[in-house]
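*Asks:* Structure below; questions to follow.
Every number in this text was worked out from the coordinates using simple rules, so none of it is lab data. Small disclaimer: the values here were computed from a predicted structure and weren't measured. Here the Cβ positions follow ideal geometry from the backbone for every residue, glycine too, while neighbour counts run over all protein chains shown.
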Amino acid sequence: MQLPYYPGSKYKLLDVLLPRLLPLTEGAAMFVEPFVGSGAVTLAMMNRFPDLEYWLNDRDPTVACLWHAVRFHALELIKTIAAFHPSEESFYTYKAQLNAIEGVPATRQGRIEIGFKKLALHRMSHSGFGGGIRGGRNQKLITKIDARWGCRSTHSHRPSDPQSVSARPRGANHGV
């Protein structure tokens, strides 16, 4: 499981990484993820060790905002996701806004908004990185911009209790 799709995600490496990480958790009180990205490793560890504290880091401030929103504002993030309808306009607007981000916003609402836009951009893009719009310009391709959005796709891997994941990470940080 991973939250946003990343083509270079560590998800494909879980079979290699987990056997190396699992022995290191014996007696540990905290798991620190230096490059959280999609959260593939962290979420796999949370499934195996729900009582550990988790500290998440990422160099990309938009990724840090996404995980901050998941951890501290899960219900507000879910409501924002439920109310959103993907469009070409939102894709290009979000892409420009996120490309201009240089740091984590100081306000709570700013972090939630940037975190949401990061997730939305990933779901609306062809590659997951926000490079090209899913469905192409003018939506002439078979797969449309909303193919990864809505109950069928966005929520299919979400736990039935959104607080079950959001309560576990202790923090989400942006590091340089």
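*Asks:* Using 12 Å as the cut-off for backbone N distance, which residues of the range 42-57 belong to the label zone defined by a point 7 Å from the Cα of Leu18 along Cα→Cβ?
*Replies:* 42-49
*Asks:* Extending each Cα 7 Å along its Cβ direction at Arg137 and Phe35, get the distance between those two points in nm, one decimal.
*Replies:* About 3.4 nm, to one decimal.
*Asks:* Compare the peptides 44-56, 22-34, 134-146 by average per-residue count of other Cβ atoms within 10 angstrom and give them in order, highest first.
*Replies:* For the peptides 44-56, 22-34, 134-146, the packing ranking is 44-56, 134-146, 22-34.
*Asks:* Among Lys12/Lys79; Lys117/Lys144; Lys79/Lys140; Lys79/Lys118; Lys10/Lys140; Lys79/Lys117, which pairs are too far apart, with a Cα-Cα distance over 23 Å?
*Replies:* Check vs 23 Å cut-off fails for Lys12/Lys79; Lys79/Lys140; Lys10/Lys140.
*Asks:* Can you tell me the length gained on complete extension of the stretch Leu75 to Leu52, counting 0.36 nm per residue apart and subtracting the Cα distance?
*Replies:* The Leu75-Leu52 span can extend by a further 6.0 nm.
*Asks:* While we're looking at this one, here's another question. Most exposed first by the Cβ proxy, i.e. fewest other Cβ within 10 Å, how do His122, His85, His68 rank?
*Replies:* Working: His122 22, His85 9, His68 25.
In order of increasing Cβ crowding within 10 Å: His85, His122, His68.
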